[in-house]
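The values are calculated or read from the model by the stated rules, or taken from the named source; none is laboratory data. Being a predicted model, the structure only gives us computed values, none of them experimental. Neighbour counts are summed over all protein chains in view; Cβ atoms, including those assigned to glycine, are modelled from backbone coordinates with ideal geometry.
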Amino acid sequence: MLLEISDLYVYYRSYWYTLKVLNGVWLRLDRGERVGIIGESGSGKTTLLKSILRILPQNGMIPKGEIRYDGKNILKLSSSELTKIRRREIGMIFQDPMAALNPVFKIRDQLYDILKYKMMIEGHNPSSRELYEEAVKIFSDVRLPDPDRVLESYPFQLSGGMRQRVMIAMALISAGKLLLADEPTTNLDVTIQDQILKLIHRLAAQRNLSTILVSHALGMVYQMTDRVYVLYAGDIMEEARTRDLFSKPKHPYTQLLVASTPRLSSVGVGEGIKGKLPDYHNPPAGCRFAPRCPYVMDKCINTKPRKIQVNREHIVSCYLYD
Amino acid sequence: MHDEVILNVSNLRKYFKTTEGIVRAVDGVSFNVRYGETLALVGESGSGKTTTGHVIMGFYSPDDGEIIYKGVYDLSLPMKKRPLELKRDIQIVFQDPGTSLNPKRTVKDIISLPLLVHKTIEKKRIYEKVAELLDYVGLSEEFMFKYPHELGGGEKQLVAIARALAPQPSFIILDESTSALDVSSQAKVLNTLIKIQKELKLTYLLITHDLGVVRNISQRVMIMYLGKIYEEAPTEEFFKSPMHPYTQMLLSSIPTLSEDDEKIKPKGIESVGEIPSAVKPPSGCRFHTRCPFAKPVCSQQEPPDITVNSGHIVRCWLYE
């Protein structure tokens, strides 16, 4: 087991309220495994990834829970130990490269920084020649043509696909064991998305990385992962092997979500889901999906359902199976 | 009814001057839209699909070409010069309802504005009419006095649709109208669009990059790349036998959700390269720089129109 998250709560303080976002999330990831997290926008997917690296925004706090990574408790680590992990072991591909890259520095400065600090942690102070050679090597890994031009460019001078490749290159430098990908292809065209996904897949396999892919695009998760977690309003609703989850979804939320997705081979989409995500400052006391659930029962409203094992490796938290 | 032409576009061109040169956003596009159908205009960013829609709407006037609506109206006139009844008859639903709805107006105000402008209804019946429009799109009367920020993404888009319906148009341009939504709310919006189209006999021009949506709502598909249309076919046939290499690349790139969907995807083609700049588009077939089957002729001459089947036209040298 490389990563195990148990009973994780994340709150955000705002001026008036406390937003109770993650509500007892669990997740496990084996070495070399590819796990997906699906959920709609605002369901807490990015918050979950950020808490693994402990890069939550300033008003974020973790009142309860445990994140065990490679035998260490991430939440108890000192900042120097965390830095080592962030620089050498866990890499993250952020959602929007235009926001994640600094607009006023050349790609060279940003990339060299990451390379340099990673090498320094390994006890080696690289010369600029070495940095350049490393950069060229990593650019060829992510299939970025013309490395000299890219290094001398500012982010805005690159196309969306190229920026995303730069982001992947940067994430790979620090991803020794684990790669976190947060919606790695939003804003990209479908043909470019396909290239980027294949690239991530190939590089992760080559380097024997475990990956967590977060997305609201079900098709992408279906094609890229071995196991899936369904996150809704900060609660894990279902966990299963990818094929099982999409062919035999158990939780009403997953069922509606899968049915709502347009297909290429047939006409007709499901009814969708009525209503909207609950407010996080005053979330439902029981199952957070209860207000939108077509099968809602009295007990759903008051108490949160427990995890129920419906099959080997298929867990659902819903009273329908209790 | 499906045979009569409501909109005829021929040889449409729209160029934009920029500091880097002239962007040929739409470069010689011709097509017909028939009464009561949904025609999908599909392409990636930079293909010119939105520009085409906006020219039809009258946001820009074209640099060349003819757009004839209902046989009599000339749509190459800009918005300001169009008669009021023409403006009433063509409506648009934008991509992001978060920015297309005025945050300081209630749903009732938003929907009643076009009613007041076009005077389609007496003032005292406006409340009734707004309630009826909301009902059409599946929202209850309770929504009337809500502000956009109180609504979910799907609900906002339904309000935008109700607003487009208010002046009783016969032609609606759906400009990526479901792209910004989560699948759970997208489904509701799609179903509503299909339902009101049947009830009100509307014609849609659907501008999108999402082929899953296309499959579910449209009867015909056109594929656009760098300002030109390269394939056009009835939806069924389009998914059964895509012909143009770009179409095949597009289809094979879609992440699918089941074995059945996987079978639809063309084999033996892989996505390579990026869309070139529209300032200096490649010569000949504009796709030849990314095409695995490109021949010398592809970079020299524009491909001819090849009719494969009734209504299925492909522009590609492979089928010459």
Any residue at all in region A:265-275 that is in contact with a Ser or Thr (Cβ under 9 Å, 6 or more places away or on another chain) and more than 14 Å from chain B (Cβ to nearest Cβ)? no
Considering only region B:88-106, how many residues are within 18 Å of the chain's Cα centre (by Cα) and assigned to a helix (DSSP H, G or I)? 3
Test B:Met79 against the criterion of being over 19 Å from B:Ile172 (Cα atoms) and touching a Lys or Arg at 6+ places or on another chain (Cβ under 9 Å), and give yes or no. no
Selected residue (criterion: farthest from the other protein chains (Cβ to nearest Cβ)) from residues of region A:173-186 that are touching a Ser or Thr at 6+ places or on another chain (Cβ under 9 Å) and polar (S, T, N, Q): A:Thr186
Any residue at all in region A:46-66 that's under 26 Å from A:Leu197 (Cβ atoms) and acidic (Asp, Glu)? no
Report, by residue number, each residue of region B:5-48 that is under 20 Å from B:Leu211 (Cα atoms), out of contact with any helix residue (DSSP H, G or I) (no Cβ under 8 Å at 6 or more places or on another chain), at pLDDT 95 or above and not aliphatic (A, V, I, L, M). B:Phe31, B:Glu37
Complete set of residues in region B:176-200 that are closer than 18 Å to A:Leu188 by Cα and touching a residue at least 60 places away in the same chain (Cβ under 8 Å): B:Glu176, B:Ser177, B:Ser179, B:Ala180
I'd like to know if region A:177-192 contains one or more residues that are assigned to a helix (DSSP H, G or I), of a type in the set (A, V, I, L, M, F, W, C) and in contact with a strand residue (DSSP E or B) (Cβ under 9 Å, 6 or more places away or on another chain). no
Qualifying position, being of a type in the set (Lys, Arg) and more than 19 Å from A:Lys198 (Cα to Cα), among B:Lys265, B:Lys228: B:Lys228
The listed residue being closer than 19 Å to B:Lys195 by Cβ, surrounded by 13 or more Cβ atoms within 10 Å (Cβ to Cβ) and touching a strand residue (DSSP E or B) at 6+ places or on another chain (Cβ under 6 Å), out of B:Ala164, B:Ala131: B:Ala164
Condition broken by B:Ile22, with the remaining ones in (1) surrounded by 15 or more Cβ atoms within 10 Å (Cβ to Cβ); (2) aliphatic (A, V, I, L, M); (3) assigned to a strand (DSSP E or B) satisfied: (1)
Among (1) more than 10 Å from chain A (Cβ to nearest Cβ); (2) within 22 Å of the chain's Cα centre (by Cα); (3) not β-branched (Val, Ile, Thr), which single condition is B:Asn309 missing? (2)
Which ranges mark the helices (runs of 4 or more DSSP H) fully within region B:173-279 that have 2 or more residues being among the hydroxyl-bearing types (Ser, Thr, Tyr), facing chain A (nearest Cβ under 8 Å) and in contact with a Ser or Thr (Cβ under 9 Å, 6 or more places away or on another chain)? B:183-200
Only strands (runs of 3 or more DSSP E) wholly contained in region A:223-322 count here; list those with 3 or more residues that are surrounded by fewer than 18 Cβ atoms within 10 Å (Cβ to Cβ). A:308-311
Mind counting the residues in region A:77-109 that are of a type in the set (S, T, N, Q) and either in contact with a Phe, Trp or Tyr (Cβ under 7 Å, 6 or more places away or on another chain) or crowded, with 17+ Cβ neighbours inside 10 Å (or both)? 1
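Every residue, every condition in (1) out of contact with any Gly (no Cβ under 7 Å at 6 or more places or on another chain); (2) more than 30 Å from A:Arg143 (Cα to Cα); (3) surrounded by 19 or more Cβ atoms within 10 Å (Cβ to Cβ), yes or no:
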site: B:Val279; (1), (2), (3): no, no, no
site: B:Pro282; (1), (2), (3): yes, no, no
site: B:Val297; (1), (2), (3): yes, no, no
site: B:Thr307; (1), (2), (3): yes, yes, no
site: B:Glu320; (1), (2), (3): yes, yes, no
Determine whether A:Tyr222 is more than 7 Å from every other protein chain (Cβ to nearest Cβ) and closer than 18 Å to A:Gly36 by Cα. no
Which condition number in (1) assigned to a loop (DSSP other than H, G, I, E, B); (2) buried (at least 20 other Cβ atoms within 10 Å of the Cβ); (3) of a type in the set (A, V, I, L, M) is the one that A:Ala169 fails? (1)
Within region A:125-140, identify whether any single residue is aliphatic (A, V, I, L, M), in contact (Cβ under 8 Å) with a residue 60 or more places away in the chain and in contact with a helix residue (DSSP H, G or I) (Cβ under 6 Å, 6 or more places away or on another chain), and answer yes or no. no
Region B:124-172, residues that are more than 29 Å from B:Ile6 (Cα to Cα) and part of a loop (DSSP other than H, G, I, E, B): B:Leu139, B:Ser140, B:Lys146, B:Tyr147, B:Leu151, B:Gly152
Options B:Glu66, B:Glu44: the member that is in a loop (DSSP other than H, G, I, E, B), among the acidic types (Asp, Glu) and touching a residue at least 24 places away in the same chain (Cβ under 8 Å): B:Glu44
Restricting attention to region B:29-66, report how many residues are of a type outside the set (D, E, K, R), closer than 13 Å to B:Val221 by Cα and more than 14 Å from chain A (Cβ to nearest Cβ). 5
Yes/no for A:Lys50 being without any contact (Cβ under 8 Å) to a residue 60 or more places away in the chain and not aliphatic (A, V, I, L, M): yes
